[in-house]
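A.B. asks: First the structure, which I've put down as structure tokens, then a few questions once you've had a look.
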Amino acid sequence: MGGFISSSIGKKFFMSITGLFLVMFLLVHLTANLALLLGPDTFNIVSHFMGTNPIIQIMQPALAIGFILHIIYATVLTLQNQKARGTEGYSKVVNSHQSSFASKNMYILGGLVLSFLVLHIINFFWKIKVTGDPLLADVMIHGEEMENAYALVAGLFIDPNLGFIYSAVYAIAAIALGLHLTHGFWSAFQTIGFSNDVWRKRLTVVGYLFAMLVGGGFAIIPIFLMLFGAK
Ligand code: HEM
């Protein structure tokens, strides 16, 4: 087992498993965030549910561990590949012509998403979970008091001074994430064993659709709020 974990294929396997776990997170997170387009009450109810549901609370540390492992394995494999590239010469050069922009730039795209994530955690998670914010002052919805997460989140994108910049940063990060997924999605499945020709083609198509859904879905939210304002 120890040999498998430290082998190249073992590292790629764990990167794929953690990547697929993050894919599930993205689906849940996007679904919850699309409620922002439906107005304050719907988003605040969804956000209250996400913030109090015990299963979601248990999943949060697992998510953090998933992110950390994914980044560690990606870094180690990228460094190993760079070393190997120095000695492989022509075969690697030929191969690089056949691969997509995303597959050649996975580490850079992942790095962009990670940089966005630091800003993103400071913008919302940190304020909701740690410091609080005046915008979060409780509101009453259907007889229940809950934090006004809508005011905090929508407020960032409609801010008269920085709203445009934040919206652009969030939209660019969503596109980088989408590109990362165009390669990452099917590649993860291929690594865990769906590697025959039929499955590879199917998963490439599903991967592209998923990447467009996630990239487009996350990008639409700030753009919509910036253009049409908060409800
Ligand atoms: C329009 C885009 C997005 C919006 C409006 C948004 C909104 C939010 C909010 C409000 C929170 C705090 C939730 C809470 O603690 O109650 C949060 C947390 C988080 N977001 Fe996003 N998010 C967006 C895009 C993304 C993207 C693209 C990623 C991943 C690449 C991401 C990853 C995370 C993570 C890891 C957390 C912390 C864990 C959690 O609270 O679930 N978010 N986001």
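The values are calculated or read from the model by the stated rules, or taken from the named source; none is laboratory data. This structure is a prediction, so every number in the text was calculated from the model and none was measured. So basically every Cβ, Gly included, is an ideal-geometry build from the backbone, and we count neighbours across all protein chains shown.
A.B. asks: Which condition from (1) at pLDDT below 95; (2) near the ligand (Cβ under 10 Å from one of its atoms) is the one that Ser103 breaks?
C.D. replies: (2) is the only condition that Ser103 fails.
A.B. asks: Among the residues of region 186-206, are any among the hydroxyl-bearing types (Ser, Thr, Tyr), modelled with pLDDT of 95 or more and in contact with a helix residue (DSSP H, G or I) (Cβ under 8 Å, 6 or more places away or on another chain)? Break it down into steps so the answer makes sense when it comes.
C.D. replies: The initial filter retains those residues of region 186-206 that are among the hydroxyl-bearing types (Ser, Thr, Tyr), namely 187, 191, 195, 204.
Still in the running and modelled with pLDDT of 95 or more: none.
No: zero hits.
A.B. asks: Can I ask one more? Ser47 - would you say it is among the small types (Gly, Ala, Ser), part of a helix (DSSP H, G or I), touching a residue at least 24 places away in the same chain (Cβ under 8 Å) and more than 10 Å from the ligand (Cβ to nearest atom)?
C.D. replies: no
A.B. asks: So, in region 162-192, of the ones that are small (Gly, Ala, Ser) and within 11 Å of the ligand (Cβ to nearest atom), which residue ends up nearest to Thr204 (Cα to Cα)? Before you say what the answer is, go through the steps one by one.
C.D. replies: Start the filter on region 162-192 by keeping residues that are small (Gly, Ala, Ser), which leaves 163, 167-168, 171, 173-174, 176, 178, 184, 187-188.
Remaining after also requiring within 11 Å of the ligand (Cβ to nearest atom): 167, 171, 173-174, 176, 178.
Working: Ser167: 30, Ala171: 24, Ala173: 22, Ala174: 19, Ala176: 18, Gly178: 13 Å.
Residue satisfying both the conditions and the ranking: Gly178.
A.B. asks: Given (1) more than 12 Å from the ligand (Cβ to nearest atom); (2) under 19 Å from Ile17 (Cα atoms); (3) in a helix (DSSP H, G or I), where does Val198 come up short, assuming only one miss?
C.D. replies: The single condition Val198 does not satisfy is (2).
A.B. asks: Would you check which residues across region 143-155 are free of Cβ contacts under 8 Å to residues at least 40 places away in the same chain and more than 15 Å from the ligand (Cβ to nearest atom) and list them?
C.D. replies: Gly143, Glu145
A.B. asks: Go over the candidates Ala171, Ala154 one by one and state the one that is within 27 Å of Leu109 (Cβ to Cβ) and part of a helix (DSSP H, G or I). Full working, then the answer.
C.D. replies: Working: Ala154 fails: within 27 Å of Leu109 (Cβ to Cβ).
Result: Ala171 is the single residue among Ala171, Ala154 that is within 27 Å of Leu109 (Cβ to Cβ) and part of a helix (DSSP H, G or I).
A.B. asks: Name the pairs: first residue in region 162-183 and over 17 Å from Phe67 (Cβ atoms) and polar (S, T, N, Q), second residue more than 12 Å from the ligand (Cβ to nearest atom) and outside any helix (DSSP H, G or I), Cβ to Cβ under 8 Å, at least 6 apart or on different chains?
C.D. replies: Partner pairs satisfying both residue conditions: Thr182/Ser100.
A.B. asks: Take the conditions touching a residue at least 24 places away in the same chain (Cβ under 8 Å), over 19 Å from Asp41 (Cα atoms), of a type outside the set (Ser, Thr, Tyr) and within 16 Å of the ligand (Cβ to nearest atom) and apply them to Phe125. Does it pass?
C.D. replies: The answer is no for Phe125.
A.B. asks: Now for a different question. What are the pairs with Cβ atoms under 8 angstrom where one residue, in region 201-227, is within 14 Å of His183 (Cα to Cα) and the other, located anywhere, is not in a helix (DSSP H, G or I)? Sequence gap at least six, or different chains.
C.D. replies: Leu203/Phe194
A.B. asks: Kindly indicate whether Leu36 is more than 20 Å from Ala149 (Cα to Cα), within 11 Å of the ligand (Cβ to nearest atom), modelled with pLDDT of 95 or more and crowded, with 16+ Cβ neighbours inside 10 Å.
C.D. replies: no
A.B. asks: May I pose another question? Based on what the data block shows, is Ser115 surrounded by 11 or more Cβ atoms within 10 Å (Cβ to Cβ) and at pLDDT 90 or above?
C.D. replies: Criteria met by Ser115.
A.B. asks: Another question about this same structure. So how many residues does region 50-67 have that are in contact with a helix residue (DSSP H, G or I) (Cβ under 9 Å, 6 or more places away or on another chain), within 11 Å of the ligand (Cβ to nearest atom) and β-branched (Val, Ile, Thr)?
C.D. replies: Qualifying residue count for the region: 1.
A.B. asks: Tell me yes or no: at least one residue of region 194-216 is more than 19 Å from the chain's Cα centre (by Cα) and either within 15 Å of His120 (Cα to Cα) or small (Gly, Ala, Ser) (or both).
C.D. replies: Yes, there is a match, as at least one residue in region 194-216 is more than 19 Å from the chain's Cα centre (by Cα) and either within 15 Å of His120 (Cα to Cα) or small (Gly, Ala, Ser) (or both).
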